[in-house]
């Protein structure tokens, strides 16, 4: 499959929504071309000198909403669709990279086992989302997926972990392995977030806060 490519130092997970600000002329053209066709492009890590390496894992982004804001710039919302591996670059006159990509699906058939943990995962994810809502003064509006494969990616997208962790997580081809990583990580993250949220709530009441630990990064 040929796919326009948008190199970014972010990881878009399947099932997650992500906002982007489009301002460079070449990506203004990418946005126009995508809106005129199937509204899809690929998000991949930037790599050295801004060119993603072949073999890297990325995610198909589908444009859900686009708002022009003047001077050719736009704010857009994309949703993560399926993963892919960048096979090679195509010779294309477009001002942005165009690649030939292969689907990158889970190769271990363990979804039934992984699905046995969805209730626990949702409970932990709800705790994290609720505490984050308190810390950011926002109302969580996450609708969790029913299957563990997609749910694992949605939760990973919510966590404040570093880029390297997220890229490694994106490349795991076993739903149960992703679930196991989250089950080992989420209890501590949820406890920490809730402790920080309680400090914030107390500070709102009496104007006195306290020190707190950062969210665990793995």
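The values are calculated or read from the model by the stated rules, or taken from the named source; none is laboratory data. Because the structure is a prediction, the values reported are computed rather than measured. Reconstructed Cβ throughout: ideal geometry from the backbone, glycine too, with neighbour counts over all protein chains shown.
Before moving on, here are some points about what is shown:
- Some residue of segment 155-174 being on the phi < 0 side of the Ramachandran plot and more than 15 Å from the chain's Cα centre (by Cα): yes
- Residue within segment 122-137 that is assigned to a helix (DSSP H, G or I), surrounded by 14 or more Cβ atoms within 10 Å (Cβ to Cβ) and touching a strand residue (DSSP E or B) at 6+ places or on another chain (Cβ under 7 Å) present: no
- Of the set (1) part of a loop (DSSP other than H, G, I, E, B); (2) under 14 Å from the mean Cα position of the chain (by Cα); (3) surrounded by fewer than 14 Cβ atoms within 10 Å (Cβ to Cβ), all apply to residue 142 but (3).
- Residue within segment 17-37 that is surrounded by 13 or more Cβ atoms within 10 Å (Cβ to Cβ), without any contact (Cβ under 8 Å) to a residue 60 or more places away in the chain and touching a helix residue (DSSP H, G or I) at 6+ places or on another chain (Cβ under 8 Å) present: yes
- Residue 77 over 17 Å from residue 172 (Cα atoms) and modelled with pLDDT of 95 or more: yes
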